[in-house]
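Below is one structure, written out as structure tokens; comments come after it.
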């Protein structure tokens with residue numbers, strides 16, 4: 001296997017996915033913005049070809065019109081890191097599940113579904129994990145009314 | 001001092017006969033009084049034992065243990081008993097009520113019955129049974145039924161699991177238990193416990209039968225459901241096993257019965273392996289108490305040191321280790337007796 | 001052949017061995033476990049939503065309540081995440097105090113893990129040994145933060161107050177006693193035949209499975225993977241210390257248990273070095289009263305907590321409150337592997353596996 005290089009990886013991924021992937025970086029991470037449709041392809045590549053075997057963190061942020069899914073990927077033991085972000089519209093909050101790539105996505109996706117209300121296609125058991133089954137609403141959404149349930 | 005209790009009993013009978021009672025009646029009343037005394041002693045002794053176990057476990061664990069009620073917290077158990085007596089008695093609505101309610105009584109009755117044959121001193125036992133040892137083993141194994149009743153009657157998965165485990169465990173440990181005592185019986189040629197004690201005036205059987213002593217000790221720990229074989233209870237796994245649904249005094253009866261069993265089995269061990277009531281200087285009844293307590297302390301020591309064994313290991317340990325070892329011990333004893341006779345030593 | 005029915009046993013949420021409010025539904029065939037379903041949420045306090053309504057400083061005590069048995073570690077992680085977000089430099093002395101407090105917390109947490117494993121497996125005396133030694137650490141926490149369990153002593157920009165005079169002798173004597181403590185734990189439990197029989201080969205977690213399931217911390221290292229964030233991605237001043245990573249070989253319960261005991265010793269080594277190198281000076285950076293990170297800035301900071309990789313993902317919108325705060329709780333993710341390692345074992349192995357995975361429900365349910 002070749003020595004890992006972030007620049008080469010970005011080049012290759014941009015070549016493969018074209019305008020579906022956009023790269024950027026913040027102070028700490030190289031960020032890959034990916035079209036939700038191409039998420040599993042990108043993640044599969046990252047895992048199998050670039051050695052990002054550790055899906056450390058999976059979460060979501062509510063930006064009003066859109067939800068942003070955030071995936072922090074690391075590689076063990078090389079400790080390379082990359083941040084993958086993708087956005088889904090609020091009206092159709094649906095996304096491919098990553099459970100086939102990383103079983104660790106199981107509960108984390110359930111948590112996102114539970115608290116943020118994003119659905120994951122292909123998740124075998126997408127039920128609430130932290131809140132009771134009969135809970136209404138998704139509390140981490142910004143429009144969730146605080147102050148008690150009716 | 002030696003014949004203190006015998007003299008007391010004789011004086012009591014004589015007094016009743018002088019009052020004009022028919023000697024047969026006097027004997028029956030004496031038996032009743034003996035039973036009352038035995039039960040009182042059992043209860044009081046257990047109150048002390050529970051306190052002692054708590055103090056000893058505290059010592060092992062570098063804690064203080066009970067220390068609030070009375071000197072060294074000795075009244076703690078009394079307070080606990082009062083608490084248990086006044087607690088609400090809950091019978092689960094789904095339980096099989098008759099079985100649920102009789103199980104603790106059955107358990108304690110069986111446990112108390114064990115005391116009938118144990119020689120508590122020279123010429124001191126409730127009944128001098130010629131098959132005393134057999135009686136002890138067979139009655140002792142009846143407590144399995146009480147646990148099964150408790151587990152089945154509770155109608156609770158934890159209870160049932162605990163009960164099934166305890167049956168499996170006790171039935172399998174019954175065998176090495178009986179086998180390990182067989183060596184002693186072969187040497188003495190008697191099942192009478194007084195004879196067994198008498199046979200130990202030169203050598204205690206712990207010297208002649210060390211393997212039997214160890215196998216008996218292990219099997220007895222399992223029979224008593226004490227750690228590390230406390231499967232039927234297993235607080236941390238089965239949340240109390242067969243006793244899960246019991247509250248208040250019903251639960252306390254189980255607790256009491258377990259300690260009653262403990263004392264009985266320890267007394268039997270002292271009788272069979274440690275020379276019974278025989279000993280120099282002190283009166284015989286004091287010797288048996290000292291020896292019994294010594295065995296009980298070893299039981300405590302084992303319980304507070306070892307983790308709980310796993311169920312399947314427990315079963316395989318009985319069938320693959322204890323049974324063959326105790327059988328081998330019987331063979332060895334037989335060979336030993338034959339050799340001894342051949343040499344003309346005995 | 002005898003026909004058997006599958007039945008379920010609900011271990012928890014009220015059960016002595018579930019370390020809080022864990023509900024494990026065991027699907028059993030006789031004594032053999034067919035499957036295990038974990039139900040969470042009994043201790044859910046919506047910490048992430050609370051964070052959105054609190055300022056950055058106000059949220060510090062909430063983090064202490066995540067992993068309440070290793071209270072300084074989640075606080076440290078949060079404070080470092082906020083410092084990273086704002087670019088705050090922490091004074092040297094504070095960094096050293098933080099390392100000492102963090103490692104003390106790790107020791108305390110592992111001692112609880114050891115104690116809890118002991119009591120879960122029926123070794124009651126093991127429980128008391130761990131608790132007894134942890135008591136000394138609690139006393140040290142009381143010296144610094146004034147509180148024993150949830151001291152919130154670490155603050156954004158440093159620590160709350162300087163250490164008192166009696167702190168260093170107390171820590172020194174504790175560190176000296178650590179080898180004796182480990183010897184006692186090993187002597188009482190690890191060396192025991194029954195103990196080994198109950199743990200060896202129970203709940204084997206293969207290294208590949210561990211990585212796939214995102215398992216981190218001592219559980220991952222017990223599977224033989226030398227991955228510790230203190231070494232892989234040194235945060236704070238951890239790159240200055242010399243310590244080893246205890247590793248397991250088989251990834252079974254006994255390894256997970258042994259790794260925790262050995263890590264106590266390594267933490268002791270770190271504390272020893274930190275005590276030697278600790279300089280005098282400031283204990284808190286100049287931090288403004290109101291913290292307002294730049295809008296749109298975000299950070300994912302992760303530390304090696306006692307349970308594994310504890311990450312904080314904070315998004316700022318320029319106000320004094322976080323726009324979004326997510327806690328990557330190691331217990332939550334480590335618990336996911338419980339069904340995998342339980343399958344095919346016997347009922348009592350569930351208890352062993354929960355105990356050696358060492359989840360803390362305050363953290364996993366948040």
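For the reader, a short list of remarks on this structure follows.
- Selection within the stretch B:297-321: residues that are under 15 Å from residue C:118 (Cβ atoms) and within 20 Å of the chain's Cα centre (by Cα). The member of this set that is surrounded by the most Cβ atoms within 10 Å (Cβ to Cβ) is B:303.
- Residue in the stretch C:302-319 that is assigned to a helix (DSSP H, G or I), away from chain A (no Cβ under 12 Å) and within 24 Å of residue C:127 (Cβ to Cβ) present: no
- Meeting the requirement of 3 or more residues that are touching a residue at least 40 places away in the same chain (Cβ under 8 Å) and closer than 20 Å to residue A:102 by Cα, the strands (runs of 3 or more DSSP E) wholly within the stretch A:1-71 are A:30-34, A:54-63.
- The set of residues in the stretch A:27-74 being farther than 26 Å from residue C:216 by Cα and facing chain C (nearest Cβ under 8 Å) consists of A:62 alone.
- Applying the criterion of being assigned to a helix (DSSP H, G or I) and more than 26 Å from residue B:110 (Cβ to Cβ) to the residues of the stretch B:265-300, the residue that is modelled with the lowest pLDDT is B:284.
- Scanning the stretch C:34-63 for residues that are within 21 Å of the chain's Cα centre (by Cα), at the interface with chain A (Cβ under 9 Å from one of its Cβ atoms) and in contact (Cβ under 8 Å) with a residue 40 or more places away in the chain, we see that the one that is farthest from residue A:135 (Cα to Cα) is C:38.
- Selection of the stretch C:1-32 for residues being more than 13 Å from chain B (Cβ to nearest Cβ) and either closer than 21 Å to residue B:231 by Cα or buried (at least 19 other Cβ atoms within 10 Å of the Cβ) (or both) yields C:21, C:22, C:29.
- All positions within the stretch B:146-159 that are surrounded by fewer than 24 Cβ atoms within 10 Å (Cβ to Cβ) and touching a residue at least 12 places away in the same chain (Cβ under 8 Å): B:148, B:149, B:152, B:155, B:156, B:158
Residue-wise test of (1) within 14 Å of another protein chain (Cβ to nearest Cβ); (2) in contact (Cβ under 8 Å) with a residue 24 or more places away in the chain.
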{"position": "C:116", "(1), (2)": "yes, yes"}
{"position": "C:123", "(1), (2)": "yes, yes"}
{"position": "C:129", "(1), (2)": "yes, yes"}
{"position": "C:132", "(1), (2)": "yes, no"}
{"position": "C:152", "(1), (2)": "no, yes"}
{"position": "C:158", "(1), (2)": "no, yes"}
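- Any hit, the stretch B:265-274, residues being more than 28 Å from residue B:317 (Cβ to Cβ), in contact with a helix residue (DSSP H, G or I) (Cβ under 8 Å, 6 or more places away or on another chain) and either buried (at least 24 other Cβ atoms within 10 Å of the Cβ) or touching a residue at least 40 places away in the same chain (Cβ under 8 Å) (or both): no
- Qualifying positions in the stretch A:98-115 - more than 10 Å from every other protein chain (Cβ to nearest Cβ) and within 17 Å of residue A:45 (Cβ to Cβ): A:98, A:100
- Residue in the stretch B:158-169 that is at pLDDT below 85, in contact with a strand residue (DSSP E or B) (Cβ under 9 Å, 6 or more places away or on another chain) and farther than 20 Å from residue B:35 by Cβ present: yes
- Residue C:227, sole failed condition from (1) within 11 Å of chain A (Cβ to nearest Cβ); (2) touching a residue at least 40 places away in the same chain (Cβ under 8 Å); (3) within 16 Å of the chain's Cα centre (by Cα): (2)
- Filtered residues of the stretch C:185-224 (kept if in a loop (DSSP other than H, G, I, E, B) and more than 14 Å from chain A (Cβ to nearest Cβ)): C:191, C:192, C:200, C:201, C:202, C:203, C:204
- Selection count, the stretch C:351-366, where residues are farther than 16 Å from residue C:116 by Cα and within 14 Å of chain B (Cβ to nearest Cβ): 0
- Some residue of the stretch C:269-285 being within 10 Å of another protein chain (Cβ to nearest Cβ) and part of a strand (DSSP E or B): no
- Inside the stretch A:116-146, residues that are over 15 Å from the mean Cα position of the chain (by Cα) and within 11 Å of chain C (Cβ to nearest Cβ) make up a count of 16.
- Here is the figure for the stretch C:55-74: residues that are buried (at least 17 other Cβ atoms within 10 Å of the Cβ) and farther than 25 Å from residue C:354 by Cα total 5.
- Being more than 14 Å from every other protein chain (Cβ to nearest Cβ) and closer than 30 Å to residue B:3 by Cβ is a condition met by at least one residue of the stretch B:170-183.
Yes/no per residue for (1) in contact with a helix residue (DSSP H, G or I) (Cβ under 8 Å, 6 or more places away or on another chain); (2) under 23 Å from residue C:297 (Cβ atoms); (3) crowded, with 22+ Cβ neighbours inside 10 Å:
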{"position": "A:27", "(1), (2), (3)": "no, yes, no"}
{"position": "A:42", "(1), (2), (3)": "yes, no, no"}
{"position": "A:51", "(1), (2), (3)": "no, no, no"}
{"position": "A:63", "(1), (2), (3)": "no, yes, no"}
{"position": "A:77", "(1), (2), (3)": "yes, no, no"}
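- In the stretch B:86-99, the count of residues that are within 28 Å of residue B:37 (Cα to Cα) and part of a helix (DSSP H, G or I) is one or more.
- Selected residue (only one of B:56, B:29, B:42, B:37 is within 28 Å of residue C:184 (Cβ to Cβ) and either surrounded by fewer than 16 Cβ atoms within 10 Å (Cβ to Cβ) or not assigned by TED's automatic domain parsing to the domain that holds residue B:122 (or both)): B:56
- Look at (1) without any contact (Cβ under 8 Å) to a residue 24 or more places away in the chain; (2) buried (at least 22 other Cβ atoms within 10 Å of the Cβ) and you find that residue C:81 fails only one, number (1).
- Filter pass, residue B:105 being crowded, with 19+ Cβ neighbours inside 10 Å and assigned to a helix (DSSP H, G or I): no
- Taken over the stretch C:35-48, the criterion of being in contact with a helix residue (DSSP H, G or I) (Cβ under 9 Å, 6 or more places away or on another chain) and either more than 17 Å from residue C:332 (Cβ to Cβ) or surrounded by fewer than 17 Cβ atoms within 10 Å (Cβ to Cβ) (or both) is satisfied by C:35, C:37, C:45, C:46.
- Residue match in the stretch B:128-137 (condition: under 20 Å from the mean Cα position of the chain (by Cα), closer than 23 Å to residue B:243 by Cβ and either without any contact (Cβ under 8 Å) to a residue 40 or more places away in the chain or surrounded by 22 or more Cβ atoms within 10 Å (Cβ to Cβ) (or both)): no
- Every condition in (1) away from chain C (no Cβ under 14 Å); (2) surrounded by fewer than 23 Cβ atoms within 10 Å (Cβ to Cβ); (3) under 30 Å from residue B:252 (Cα atoms) holds for residue B:221 except the one numbered (1).
The values are calculated or read from the model by the stated rules, or taken from the named source; none is laboratory data. No experiment lies behind these values; they were computed from the predicted model shown. Virtual Cβ from ideal backbone geometry, glycine too; neighbours counted across all protein chains shown.
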